[in-house]
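K.L.:
The structure follows.
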Amino acid sequence: MKQTNNILLVGVVLLAFSCNKVIDINEPESSERTMTFTCVIADETPDSKVSLDVSNGKTEWEIGDEIMIHGGKDGATFQMVTLQAGDISADGKTATIKMTYMAPYDRTPDVVSQYYAQYPASAVPTGSNMYYECRFNDTKNLLMGACNVGSTFVFYHLSAIIAYTVSDDSAPDDFATAVFSGNNGEAVAYDVYQARIRQDKDKDPRCYYWKPGNGSGTPAASTTYTSVPATDGTTVNYIYLTSGVGAVDRYNVSYSGVNFTNGFTIKFLNAGGDEVQRVSTSTPKTVHAGEVLNLGNITSRLYTYTPPAKHDSTIGLPADGSEYDLSKTASANCYIVDGSNAANANKVFKFKAYKGKGTTGVGKIASVEVLWSTQNTAVAPSDGDIIAAVDYDKQTANDYYEICFKTPETIHAGNALIAAKNSSGDVLWSWHIWIPTTSISSSTYGGVSKVRMMDRNLGALVIAEGDADTDIDVTSCGLFYQWGRKDPFPGPGNLLGEYNSSSAAVFGTVNTRAATASADIYKYPNSFVQTGGDGDGTKDWSTDHSSSLWGSVKNENDPCPPGWKLPIFASSTDDLWDKGVTDKTGLAGYALNATHHWLKLGVDYDDLNPTTTGYTYFPLAGYRTQNNSDYAYAGGRALIWQAYGESGEYAKCLYSDGSFVGYRTERKGRGGNVRCVAE
């Protein structure tokens, strides 16, 4: 079916003000008053645009274009304008619209704009309060939004566009449907989309906030875009993508677009819904709002897709949603098996092979293996003590892989790292399996933490406990993490302090490597990055010093199990993670005993109110240095990471030198503990 598209990409410089009369909103309202606006389309990314219409490169306003203008927040305060021949300039670059007087939306003295416009009008829902928002309930369009600067509307693009042509020379209806998707499941369209485009005082008119949603929630985002393709080889097909990337205060910044981290695919289905052919690329690509990615004629690049071969796990496969389905509620980079429950011995567990939290697959798996395991002591486990067997499963009926592992006949507490590899032996992703000796609980510890916090460090087998005469158990120290990395490293095997500390023994391989790009670190899950001396070496394991590898919202690099996340320093919470209070010695129940290697916080435990009271110990587990990967000060110091990262080589942490407890900035390359909080 041939498609006709009126596309409005205009390569013009931003016009400041038209010569029309500036509207005086203080004049008395009259049914005879008229308003005049000049409409201009901003050229946001002129170097990236290509002709959308391959035949004639149409880039101007056209007769019949419909624009919706609204003012007051009342949903009934709007007008629809259809452009006529006399409204459009000779070169088509501008359009003048006249309309009857409409009340402005005058919210604050800092907001200069008082009228807002949207294109196309057919995609705009009416009847609800609009404020200074542009809303759309049909995102399969070239969407634009505008605010007035005096009597000029400057329209900004809210859609990214992919264009292609294709020929179907086979039987009729072979290409009845086209399905577009990102290879990592990126969101490409929303049921409802909104953008706040306004001019504030002393700022240029730009989009200051945009997101999926309509003010009353976030409608489901679609990971696929379905359309009926034109298959004559000349008619251009368009895929309009609404961006899933938004930010606050986007003044003077080009709009973000849809980032396809592993490329995208277009599948062609026949009338019966069966896939006939597809075209795919694995090259990363970001398509910005207002940009057209023209694929040209893709016919010669079509191929028949053969799905990955079925692979049955040789050790069994638990039922979906069962107690052995560890990712049934959410996926993560760490999964817990309760080592205190003898019934968990000789059982097969599974989880989806996703990259951390989310539904992004790791790619085509050819093998899985246990890279290392430890029982958190100076004595290494034997082969199969922690994880007896591991395999993967891929059914043709689903679109993902599952990792399966089996516990031994007698369950042993410990930690293990499982990796999935491709046919070349390269690591695709890895996951931490945590089998604690005792069950994990959580509390706010009498308000020391504003949200529930785990009773132990990530990877600790028991709760840290001590008194004036008793050392903490070394297995309570947990595992070490370099800031921003999802993969753990064994904690200390002893508590000797200074540089006499040593690693907990492992079965398997843990090694070191030089600094690398943050995007590549997943390939080396069992390699601690060693960067050089404090005086002459870099302090960060990452060569690009990213500040967003961890964050306030759990992401694919977060090392915590499902339902848990990294804590983050808040502005003023008066708790453990308050970045405004450097000295933590004033927190409730504070006690520090470097001789027996513990820090204690909280209040006496109350069995009647366990979620808000109680106390917790933090082991002085030391850390692992970035300069030579030594284990340092185990038993004498503590370094506990949180999620906020600096843009350079440092990040914030909770720190104790054995006499003081507070937050400080530390080298991202050091290995420190993590204490997860409820998500």
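All of the numbers you see were taken from the coordinates with simple rules; none came from a lab. Model, not experiment: these values are computed from the prediction. All Cβ positions, even for glycine, are placed from backbone atoms using ideal geometry, and neighbour counts span all protein chains on display.
K.L.:
For region 334-435, with equal point scatterers placed on the C-alpha atoms only and solvent neglected, what are the log10 I(q)/I(0) values from the Debye formula at q = 0.10, 0.16, 0.18, 0.20 1/Å, to two decimals?
P.N.:
Reported log10 I(q)/I(0), two decimals: -0.27, -0.68, -0.84, -1.00.
K.L.:
Where Lys and Arg each count +1 and Asp and Glu each count -1, what net charge lies around LEU576 among other residues with Cβ under 10 Å from its Cβ?
P.N.:
Once all neighbours under 10 Å are counted, the net charge is 0.
K.L.:
Per-residue HN-Hα couplings for region 494-500, Karplus 6.51 cos²θ - 1.76 cosθ + 1.60 at θ = phi - 60°, whole Hz, x for Gly and Pro?
P.N.:
8, 10, 8, x, 6, 9, 8
K.L.:
Name the long-range amide H neighbours of ASN148: under 5 Å, sequence gap of 5 or more, or other chain; modelled H, no Pro or chain starts.
P.N.:
GLN114, TYR115
K.L.:
Now for a different question. Amide H of ILE41 versus every other amide H placed in the peptide plane: which residues, excluding those fewer than 5 positions away on the same chain, fall under 5 Å?
P.N.:
PHE155
K.L.:
Given N residues in region 399-540, what is Rg(Cα) / (2.2 N^0.38 Å)?
P.N.:
Against the compact-globule rule of thumb, the ratio is 1.22.
K.L.:
Over all distinct alpha-carbon pairs, what is the Kirkwood Rh of region 82-157 in angstrom?
P.N.:
13.9
K.L.:
When the chain is fully extended, how far beyond the present Cα-Cα distance does THR509 get from ASP471, taking 0.36 nm per residue of separation?
P.N.:
Gain in length upon complete extension: 10.7 nm.
K.L.:
Now, a different point. Karplus couplings for region 465-476 from phi (6.51 cos²θ - 1.76 cosθ + 1.60, θ = phi - 60°), rounded to Hz, Gly and Pro as x?
P.N.:
9, x, 8, 5, 10, 10, 6, 6, 6, 4, 6, 8
K.L.:
Taking a temperature of 37 °C and a viscosity of 0.692 mPa s, what whole-number D in µm²/s does Stokes-Einstein yield for region 539-584 with Rh from Kirkwood over alpha carbon pairs?
P.N.:
Translational diffusion coefficient: 262 µm²/s.
K.L.:
What whole-number value in cubic angstrom gives the convex hull volume per residue for the C-alpha atoms of region 365-404?
P.N.:
Roughly 71 Å³ of hull volume per residue.
K.L.:
Next question. If we sort 377-389, 349-361, 628-640 on the protection proxy, mean other Cβ atoms within 10 Å, highest first, what's the order?
P.N.:
The densest-packed peptide leads the list: 628-640, 349-361, 377-389.
K.L.:
Taking 45 Å as R0, compute the FRET efficiency from the Cβ-Cβ separation of THR299 and THR126 and round it to 0.05.
P.N.:
The calculated FRET efficiency here is 0.60.
K.L.:
Which value, in debye to the nearest 20, gives the size of the charge dipole of region 390-495 about its Cα centre, when Lys and Arg are +1 and Asp and Glu are -1 at the Cβ?
P.N.:
Using Cβ point charges on Lys, Arg, Asp and Glu, region 390-495 gives about 420 debye.
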